[in-house]
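Below is one structure, written out as structure tokens; the observations come after it.
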Amino acid sequence: MSGHSITIVSGSAARKGVSHADAIGLMREAFISLDAGQSLNFAGARGHGSDPGTRFGAKPGYDAINRVPGLKIGSYWQNNAAHGLLNHGSTTILLDDATGFPTAIVEASWLNGLRTAASDAVGVEALSRPDSRVLAIIGTGNQAWHDAKAISLVRPIEQVLIAGRNREAAKTLAEKLQADGIAAEPSDIAGALVQADIVVTATPSRAKLFDAADIRPGTHISAMGADGPGKQELPVELAARAQLFADEPGQSLVIGEFQYLAGTPDAERITAIGGVLRGTAEGRASADSTTIYDSSGIGLQDLVIASFALSQARAAGIAQEVEF
């Protein structure tokens, strides 16, 4: 039986329709809906291709805001650059809530960067001191650029300090942000942390990037890099004196930054960011509090932003309808 159609949203179409500001509003709504028990997050799955060095993961969820179930497939094929392709790939599949058939396939590489940075910005807006003006970013990749752009929309950032293993990459990212009108400069980690009001870690690290003593009282930290078993960016000791938050606390203990807290009393102190946004959970306790927000990424984020990209592409007449 035929007659079912599916909409294709290309990467270029998705990029034209969604901004950092759009993404921040969408993520705020998504986390509130999740915390209220309306939208749902489901356990993901992981695998690889014939080369064990490759990997992909599926993150399913149900978006109650748009009444859309579905999933995002994120992949990493380490040799893609040699073929002129991105090593990281993201594809979101939206399903019809009434039939379960796919209604849209959205190329989500750009959207993945946006939704991750928007989660960071939502956490920064809810948890950092309102007068925060210096942002330190550890990491020099594309995600670091997205995060600096998004955070600059929610706090009066006057200086961005970029630190990473490659000083030249830090310089290149700083110049890219300068071209966007954001004051930025390369730094080493120690020099950045001693000045920072907000710290973002956006790396693939499997060990702490700095010592707990390097973080000043009152600092907010967004840990964005841990999204798989064994990943870690922060010192374990920091969690003992910090307030702990996450996009999804249970997932944070399995694949997020707080894996090292699993099975410990500190695991019970992790607060869902949606509760803070809804006003049902406490946020920053004082100006001197250290706050940590772990964003390991959930499928709901991908569904919400993909649904928005789909509606924008359809409105602009740049979505492609095909028989399925």
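The values are calculated or read from the model by the stated rules, or taken from the named source; none is laboratory data. In this text, all values refer to a predicted model and were calculated from it rather than measured experimentally. Ideal geometry is used to build each Cβ from the backbone, glycine not excepted, and the neighbour counts take in all protein chains shown. These area figures cover heavy atoms from the full protein model, side chains too; ligands, DNA and RNA do not enter into them. Shrake-Rupley method; radii C 1.70, N 1.55, O 1.52, S 1.80 Å.
Numerical summary
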read-out	value
Percent of beta bridges antiparallel (DSSP, the range 1-83, rounded to nearest 5)	100
Residue (of 85, 310, 13) at the positive-pole extreme of the chain, dipole from beta-carbon charges	85
5 angstrom amide H check on residue 281, placed H, neighbours 5+ away	276
Calculated SAXS-style log₁₀ I(q)/I(0) at q = 0.13 Å⁻¹ - the range 10-142, Debye, Cα scatterers	-0.68
Residues whose placed amide H lies under 5 Å from that of residue 271, excluding near-sequence neighbours	244, 245, 246
Calculated from backbone phi, Karplus (6.51, -1.76, 1.60) coupling profile of the range 92-103 in Hz, x at Gly/Pro	10, 10, 9, 10, 6, 5, 7, 10, x, 6, x, 10
Whole-Hz ³J(HN,Hα) from phi, Karplus 6.51 cos²θ - 1.76 cosθ + 1.60, for the range 11-21, glycine and proline x	x, 5, 5, 5, 5, 5, x, 10, 9, 4, 5
Cα-based Rg and Dmax for the range 64-160, where Dmax is the largest Cα-Cα distance (Å)	17.0, 50
The chain, relative contact order [Cα under 8 Å, separation at least 6], %	23
Estimated Rh, the range 229-271: Kirkwood, alpha-carbon pairs, angstrom	10.2
Antiparallel bridges, percent of DSSP beta bridges restricted to the chain (to nearest 5)	50
Average accessible surface area per residue within the chain, 1.4 Å rolling probe, Å²	43
Along the chain, longest interval not containing exposed GluC sites (Glu not before Pro), exposed being DSSP loop plus at most 15 other Cβ atoms within 10 Å	1-157
Placed amide H near residue 103: partners under 5 Å, 5+ positions off or other chain	94, 95, 96
Percent accessible area from carbon and sulfur atoms, the chain, protein chains only, probe 1.4 Å	53
Binned Cα-Cα distances of the range 1-69, short to long, each 5 Å bin given as a whole percent	3, 11, 13, 15, 21, 18, 12, 6, 0
Radius, Kirkwood style, for the chain when every pair of distinct Cα atoms is counted (Å)	20.0
Distance between the range 52-116 and the range 193-272 - C-alpha centres, whole angstrom	25
Angle in degrees between helix 142-151 and the longest Cα principal axis of the chain, rounded to the nearest 10	70
Equivalent-ellipsoid semi-axes of the range 177-291, from the Cα gyration tensor, Å, largest first	23, 17, 15
Of 72/171; 59/176; 16/176; 149/171; 16/171; 16/149, those spanning more than 26 Å from alpha-carbon to alpha-carbon	72/171; 59/176; 16/171
Hz values of 3J(HN,Hα) by residue in the range 297-312 - Karplus curve (6.51, -1.76, 1.60), Gly and Pro given as x	x, 10, x, 4, 4, 5, 5, 5, 6, 5, 5, 5, 4, 4, 5, 5
Intensity falloff of the range 126-224 expressed as log10 I(q)/I(0), Debye formula with alpha-carbon point scatterers, at q = 0.17, 0.24 Å⁻¹	-0.65, -1.37
